[in-house]
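Student: I'd like to ask some things about the structure below.
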Amino acid sequence: MVTGHSLHSPQRPSGQGRGGGLTVVDPATGEAFDEAPDRRPDELDALVNRAQAAWRGWRADPGARGTALLAAADAVEAAAADLAPLLTREQGKPLTESYAEVARTAARLRYFAELDAGPQPITDGRPVRSELRWRPLGPVAAIVPWNFPLQLASAKFAPALAAGNTMLLKPSPFTPLATRLLGSVLSGVLPEGVLTIVTGREPLGARLASHPGIRHVSFTGSTATGRAVAASAAASLARVTLELGGNDAAILLDDVDVEASADRLFWAAFRNCGQVCMAVKRVYAPARLHARVVEALADRAKTAVVGPGLDPHSRLGPVSNAPQLARVEYYTARALADGARAAAGGHRLDRPGYFFSPTILADVPADSPVVTQEQFGPVLPVLSYGTLDEAVEAANGTGFGLGGSVWGTDLDLAATVADRLECGTAWINHHAELSLAQPFAGVGESGVGVAGGPWGLYGNLSPFVVHRPEAASRGGVT
Ligand code: NAD
């Protein structure tokens, strides 16, 4: 069903606003409501120079950095009542999820403020005192998507700043506002030039990634854009960390308790309208349970309250932007044309804004793009399998490798199956729950490099090793 709001409206957020900036659209209405600056790529030189100048002071005093980052966490929490509604307005997610995103941003600042990358001795039996020290890289860049604008920004600036780098951060042109507000909140506690939010349309991101003054490009987004970012960064040989797309599978075992698992499984697929890199995007159920699993998930899809994120009753907001809605519609229509059956949903909702009915698809051919590609929306194909080997092979068969999960009562069997998943994180009877202290990495087309935990800090540092002879053998070692 199509509403009166055209997908190709002149109010698209990546378009030019009346004031010459980026137009920002509320996905709950399809109407433009604000603008953000549309920076020209040639403005980057001055901003990188400012980050370079700020780096000298910022790198010098780890104690002062830690204190500033703890103050930043407090400032973010104190601004939650301003940040969260703005985030919901531009991104669409329910307000409680926006508050959770703000809280996660503050928690991440605290976590990295307290991590220590102090000197480490290296011992190999030789009479040499070798010491590994970690040095910051310099001005670095972050490029962020629209699904978790604040949380993903903090996953980049918290470790980068804690490591002693300064940063230019570019949010998605669809969701620049809450990030700009966050930048202004943090400007009250961080020295000038330490964190700069820069908004604009392409080729701004490409020019940022290739800028000769940038020493690390940390990117989160689609696999296709990640390839372009890696190519851009090759110009200056900047380090790259790429957190890319996913197509996570959930394998249900023969002894799974369908009713007890259905709520968790449903929300692991539909939270943030399915726009989570680590959402469950495919369910594999044993053939004898397939109909029950489809029915249990379809029941939840039909009763989930869909509405504007600012309405406290809404559990699911709109799809976040018009191109993403078009993508969800395409994948769903293509699956239905391929012979799939919509056990729930299958269409856009007949109301203003970018709302799509939560959709459970059965009888989907395994080679339909909704199964093989990342559709990134409120749509879940449920496939049936014969043997566990077939299920594992299908789960590992898309080229993506972000996360995966196994659901069942026999936890030892579930753990054995989880061990066979080719991805960065696997869960048993859960999905997409992450710890700040864990490494976060994808394999295959899901990413390059490691974020999260101490590994995220070291990803923002360069090793520097000093060898000196032990006093007793001074001068005698080559
Ligand atoms: P996207 O790749 O279209 O855009 C991401 C960012 O890159 C935006 O800021 C965009 O403006 C910028 N960009 C676009 N072209 C560029 C270029 N040539 N050079 C430099 N920057 C450029 O992704 P999206 O649609 O905003 O976000 C959705 C995607 O993000 C999904 O694929 C999702 O899986 C992925 N994602 C991954 C993770 C993860 O941690 N692995 C987390 C969240 C989202």
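Student: Among the helices (runs of 4 or more DSSP H) lying completely within segment 183-302, list those that include at least 2 residues that are assigned by TED's automatic domain parsing to the domain that holds T67 and touching a residue at least 40 places away in the same chain (Cβ under 8 Å). Working first, answer last.
Tutor: On the way: elements: 204-210, 223-234, 258-270.
Qualifying helices (runs of 4 or more DSSP H): 204-210, 223-234.
Student: Further, regarding this structure: Would a scan of segment 455-462 turn up a residue that is in a loop (DSSP other than H, G, I, E, B) and either in contact with a Phe, Trp or Tyr (Cβ under 7 Å, 6 or more places away or on another chain) or closer than 30 Å to R135 by Cβ (or both)?
Tutor: Yes, because at least one residue in segment 455-462 is in a loop (DSSP other than H, G, I, E, B) and either in contact with a Phe, Trp or Tyr (Cβ under 7 Å, 6 or more places away or on another chain) or closer than 30 Å to R135 by Cβ (or both).
Student: Which condition breaks for N147 when tested against (1) within 15 Å of the ligand (Cβ to nearest atom); (2) part of a helix (DSSP H, G or I)?
Tutor: Every listed condition holds for N147 apart from (2).
Student: Now a separate question. Spot the failing condition for V128; the list is (1) at pLDDT 95 or above; (2) over 30 Å from V24 (Cα atoms), and only one is missed.
Tutor: (1)
Student: Just to be sure, is P308 assigned to a loop (DSSP other than H, G, I, E, B), touching a residue at least 12 places away in the same chain (Cβ under 8 Å) and crowded, with 16+ Cβ neighbours inside 10 Å?
Tutor: Details: assigned to a loop (DSSP other than H, G, I, E, B): yes; touching a residue at least 12 places away in the same chain (Cβ under 8 Å): yes; crowded, with 16+ Cβ neighbours inside 10 Å: yes.
In short, yes.
Student: Any idea how many residues of segment 189-236 are acidic (D, E) and farther than 16 Å from W55 by Cα?
Tutor: Residues meeting the conditions: 1.
Student: Here's another thing I want to ask about it. Taking interchain pairs and intrachain pairs at least six residues apart, which have beta carbon atoms under 7 angstrom, with the first residue in segment 97-114 and assigned to a helix (DSSP H, G or I) and the second modelled with pLDDT of 95 or more and charged (D, E, K, R)?
Tutor: Partner pairs satisfying both residue conditions: A106/E77.
Student: For segment 393-412, what are the residues that are touching a residue at least 24 places away in the same chain (Cβ under 8 Å) and farther than 23 Å from T223 by Cα?
Tutor: V406, W407, G408, T409, D410, listed by residue number.
Student: Looking at G403, is it assigned by TED's automatic domain parsing to the domain that holds Y111 and within 13 Å of the ligand (Cβ to nearest atom)?
Tutor: Judged against the criteria, G403 is not a match.
Student: With the checklist (1) surrounded by fewer than 24 Cβ atoms within 10 Å (Cβ to Cβ); (2) away from the ligand (no atom under 16 Å from the Cβ); (3) assigned to a helix (DSSP H, G or I) in hand, flag the one item R135 doesn't pass.
Tutor: Condition (3) is where R135 drops out.
Student: So which residues in segment 337-355 are on the phi < 0 side of the Ramachandran plot, buried (at least 19 other Cβ atoms within 10 Å of the Cβ) and out of contact with any helix residue (DSSP H, G or I) (no Cβ under 7 Å at 6 or more places or on another chain)?
Tutor: The answer is A340, F355.
Student: Considering only residues of segment 233-281 that are basic (K, R) and surrounded by fewer than 24 Cβ atoms within 10 Å (Cβ to Cβ), which is farthest from the ligand (Cβ to nearest atom)?
Tutor: That would be R264.
The values are calculated or read from the model by the stated rules, or taken from the named source; none is laboratory data. These numbers come from a predicted model, not from an experiment. Heads up, the Cβs are rebuilt from the backbone with ideal geometry, glycines too, and the neighbour counts pull from every protein chain shown.
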